[in-house]
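This report refers to the structure that appears directly beneath it.
The values are calculated or read from the model by the stated rules, or taken from the named source; none is laboratory data. Keep in mind that what you see is a predicted model, and the values were worked out from it rather than measured. Counting neighbours? That spans all protein chains shown, and the Cβs are built from the backbone with ideal geometry, glycine included.
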Amino acid sequence: MEQNTAENWQECIPGSLKLVEIEGKGRGLVASEPLKGGQVVLQESPILTFSAFPLKHGRNDEEKAANASSTYYCSHCYRQCMVSEGFSCPSCSHPSHTVFCSYKCLSSGLSKIHTPWVCDALRQFRHCSLLLDHQPEERQVQARYLVAAYNLAITSPSTFKTLLSLHGEGRQKDVDSAMFLHSIISSLSFPDGFSAPSVETIAALLDKESCNSFSLMEPYSVNGGRSARAYGLYKNASSFNHDCLPNACRFDYLDSIKDDKNSTDLVIRMIQDVPPGKEICISYFRVGLSYCERKQRLLDYFGFACFCDRCKVDESNDKDGSGGADDDDDDDSTFIAKYMCERENCGGTLAPLPPSNGNPFNIMECNFCGMLSKQKQE
Ligand SMILES: [Zn+2]
Ligand SMILES: [Zn+2]
Ligand SMILES: [Zn+2]
Ligand SMILES: [Zn+2]
């Protein structure tokens, strides 16, 4: 599989970052100049997005669809919209299946992400009992992703090539799902010159999704925390390595950005000041997770073990029997006290608001629940 070299990736990376080889980690991004807490180091639009919801919400789907007060999301910009106020895809079998918030999203959506091929593929999958009734719900979301990915191969081969260049070659754990998904995708009809992707390509695409996708989140609620509304894959943002004590974090502003063109943009902002040459890392999940949860997630989704300072300490505590879940190490507790959101069920990361006219802000924003708070003094 073709891998982009560091040189041709550098062109698209903002001047404040540099893509380099990092010992033991592969590629990573380092600061090429002094960076300030709150500074935006990357704002990027996705290669592709797909809905986080299964094609069918269980047996009572029709009942739910009939409940017109339930909220839907624009299939193009993923902002909340009501079916009654939006524009439905004229070819979908049910008006609630694909809704767009505006005429602009409708016309853009129908020509790019919800093309006749996608519409047809999703309609067929909605009638596929093997997929809906005999597989875990997660498989329906994977099917959505593969349709979105293969639609790129048809509509934008260069973007599909970018997707294929992301990290993830296909892992043993994905083989069964890839074989099943291959069997249902092979039953679709393809435009002239295209055929169903192979099991190997599907397994690689699934791995790339698992290693590189960012969740675009539902609003925070005290009871439920936050869940994903959609997922997006981003070319440059996927070059950030993970650290359980990150110095940068990601934000998304699905519902709050007025311009529907940029609602799915991902923003990476510095948590702290960082000198040139230092690697910029984000946490691939909420920083509040325990050692065991972090270890499990990194292995399951990303396929690696973390040897960051926090994990080293937690691991030795774990071996002592003092309980790795307690973050009682100095570095940890300072970081957690200063940069972890205290709101119930949150555990998000706090980063200062972007500096204005070069002056740092002492207002912190949580990347998970969005709450603003005053920066705590050291
Ligand atoms: Zn929209
Ligand atoms: Zn449709
Ligand atoms: Zn770690
Ligand atoms: Zn929070």
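Overview of results
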{"quantity": "Condition check for residue 269: surrounded by 21 or more Cβ atoms within 10 Å (Cβ to Cβ) and in contact with a Leu (Cβ under 8 Å, 6 or more places away or on another chain)", "calculated": "no"}
{"quantity": "Region 112-135: number of residues that are free of Cβ contacts under 8 Å to residues at least 24 places away in the same chain and farther than 27 Å from residue 77 by Cα", "calculated": "3"}
{"quantity": "Any chance residue 292 is in contact with a Leu (Cβ under 7 Å, 6 or more places away or on another chain) and modelled with pLDDT of 85 or more", "calculated": "no"}
{"quantity": "Residue among 212, 223, 241 that alone is more than 16 Å from ligand 1 (Cβ to nearest atom), more than 9 Å from the chain's Cα centre (by Cα) and crowded, with 19+ Cβ neighbours inside 10 Å", "calculated": "241"}
{"quantity": "Every residue from region 20-34 that is in contact with a Pro (Cβ under 9 Å, 6 or more places away or on another chain) and not hydrophobic (A, V, I, L, M, F, W, C)", "calculated": "32, 33, 34"}
{"quantity": "Per-region count, region 280-308, residues in contact (Cβ under 8 Å) with a residue 60 or more places away in the chain, closer than 14 Å to residue 336 by Cα and not small (Gly, Ala, Ser)", "calculated": "2"}
